[in-house]
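Chemist: Sharing a structure with you now.
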Amino acid sequence: MSLTMSTNAQTQVTKRSSWASRTGFILAAVGSAVGLGNMWRFSYVAAERGGAAFVLLYLLFVAFVGIPLMTSEMVVGRMAQESPVGALKRLGGPSWMPLGVLFVVSAVGILSYYSVVAGWTIRYMVDAMRGAIPVDTAGYFTAVGTGWQAVVALGAFLALTMLIVCRGVQRGLELTAVLLMPVLFILLAALAIWAWTLPGGGAGYLYYLKPQLEQLLDPFVISSAGGQAFFSLSLGMGALITYASYLRSSENLAVEAVTVSLADFSVAFVSGLIVFPIIFHFGIVDAIGLGGGLTDNTVGTLFIAVPAAVQGLGAFGDLIIALFFVMLFFAGLTSAISMLEVPVAAAIDSLKWSRAKAATVFGLVALALGIPSAFSLSFLNAMNKLIGDFFLVVGGLFTSLLIGYRILPQAKAELGRGLSSAVARDAWAVLLRYVIPPILIVVAIGALMGALQAIGALLQG
Ligand code: TRP
């Protein structure tokens, strides 16, 4: 009796962390997916790339590329029971390890500039509560969006992220998602209803919802939509491999991927329903560059448009801004946690570091890398295009090749633990082998061109 008890205790100690419940896993994965990408990045890239055409292409990417790839990452993670670097080595062999390293590099790189934007949300939240956001919101964004004030906010945000990741899977990642995500959904719905009541927002809905057909074929629009789908669904850098590696049960991973993707798409879509009517209602189209020439302020679309919207509403207006940025902050936090968890899990599994050491080291690296983005929006934009579009698409391309051509039988068996339909498993395999790779090669080329364009703009400016 005492013998079995002590062996149980032993296995308890050596066992990897795991989620406390299926809902916890789903909320954490939704928390990773739903982030600044859905609101800040979605609205600025949609604004830059033609509105509705972009939105339509984005939806197609989510359905035909995003969902199968998300399923793939989950399959890899649950099958390997290990974080990306070790998982890829174990499943694909040593030659696949560099892909895991690319994942870690992308994760830290994205975390660096992502935390700058998340830092803005803290600043806006605090200033809105103090009623201190001035009338000239574009000028205000220029003043607080870059410089030392932005660095301080960046540091505060990263410190909080590190603390939560230090607390581990159940008490850190899962608890945060379970508490924050429901609040986020409620705030989002309330704000969308409010935006709908704005007179003159109709032009915004049109820009957002009525595609111009010629733009559907524009390579920049297509590759931006693909890149955005990757970014928003948290694909291409092992975040969902890591999260699924904490799964023990044999649930249907295809269902989980559809659930997470639908939740993510809905949040992005509803955010557009908030942002675009506001932009048009308040006639700030030129200030953010929708009227033609892209400006630095396009990166700040959301941060300029939303506070402008409530001018003249007094304390009620400040309340709306505060709620909006609380929501954005929650969204950013649960996503940043998932980015930091990628290198942290890799260091715990592969280098045997403690969680606290790993979180501190990688958090500080992200802080150092984030400082240039906190000083230059062109730098931030270039990072976003290079890592947030190009690296993620390359990561996704190799993930589909790994499953499609190297470990297909095992991967199908793993998926089959929960998904009983053989037809569905075959369709998944066909997508991964023949449909997704060629699409991603095209998207990667477009994303690379977009990145080079942004880097060129950075070097000139
Ligand atoms: N999906 C998040 C967003 O939309 C960002 C994010 C979190 C992410 N984890 C990721 C992006 C992993 C790419 C890869 O804000």
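Since every read-out is calculated from the coordinates, none of them should be taken as a lab result. The structure displayed is predicted, hence computed values, not measured ones. With ideal geometry, Cβ positions are generated from the backbone for all residues, glycine too; neighbour counts draw on all protein chains shown.
Chemist: Dividing the alpha-carbon radius of gyration of the stretch 36-102 by 2.2 N^0.38 Å (N being the number of residues), what value is obtained? Let's see the in-between values first.
Modeler: Details: Rg = 16.3 Å, N = 67, 2.2 N^0.38 = 10.9 Å.
Compactness ratio reported: 1.50.
Chemist: Picking from Phe379, Ser271, Thr360, whose Cα lies most toward the positive end of the charge dipole for the chain (charges on Cβ: Lys, Arg +1; Asp, Glu -1)?
Modeler: Highest projection toward the positive end goes to Thr360.
Chemist: In the stretch 332-412, how does Rg compare with the Kirkwood Rh, expressed as the Rg/Rh ratio over alpha carbon atoms?
Modeler: Working: Rg = 16.1 Å, Rh = 15.0 Å.
A ratio of 1.07.
Chemist: Another question, then. Semi-axes of the equivalent ellipsoid for the stretch 53-183, please: Cα gyration tensor eigenvalues, times 5, square-rooted, ordered largest first, whole Å. Let's see the in-between values first.
Modeler: Details: eigenvalues 243, 80, 54 Å².
Gyration-tensor ellipsoid for the stretch 53-183: 35, 20, 16 Å.
Chemist: Continuing with the same structure: Along each principal axis of its Cα atoms, how long is the stretch 320-461 end to end? Whole angstroms, biggest number first, please.
Modeler: Ordered largest first, the stretch 320-461 gives principal extents of 52, 41, 40 Å.
Chemist: Net charge near Leu173, counting Lys/Arg +1 and Asp/Glu -1 over other residues with Cβ under 15 Å of its Cβ?
Modeler: Working: positive: Arg16, Arg22, Arg167, Arg171, Arg355; negative: Glu174, Glu341.
Net of charged neighbours comes to +3.
Chemist: A further question on this structure: Starting from the Cα-Cα distance between Leu262 and Val152, subtract it from 0.36 nm times their residue separation and give me the gain in nm to one decimal. Write down the numbers at each step before the final one.
Modeler: Values: separation 110, 0.36 × 110 = 39.60 nm, distance 3.50 nm.
Full extension from Leu262 to Val152 adds 36.1 nm.
Chemist: Short version: ³J(HN,Hα) in whole Hz for each residue of the stretch 165-174, in order, from phi by Karplus 6.51 cos²θ - 1.76 cosθ + 1.60 (θ = phi - 60°), x for Gly and Pro, what are they?
Modeler: Per residue, the Karplus-derived 3J(HN,Hα) values read 5, 4, 6, x, 5, 7, 8, x, 4, 6 Hz.
Chemist: Over its Cα atoms, what ratio of radius of gyration to 2.2 N^0.38 Å does the chain give? Don't skip to the answer; put the middle values down first.
Modeler: On the way: Rg = 21.4 Å, N = 461, 2.2 N^0.38 = 22.6 Å.
Its radius of gyration relative to the 2.2 N^0.38 Å reference: 0.95.
Chemist: Kindly provide the Kirkwood hydrodynamic radius of the stretch 375-414 in Å, to one decimal, from all pairs of distinct alpha carbon atoms.
Modeler: Details: mean 1/r = 0.0841 Å⁻¹.
When all Cα pairs of the stretch 375-414 are included, the Kirkwood radius is 11.9 Å.
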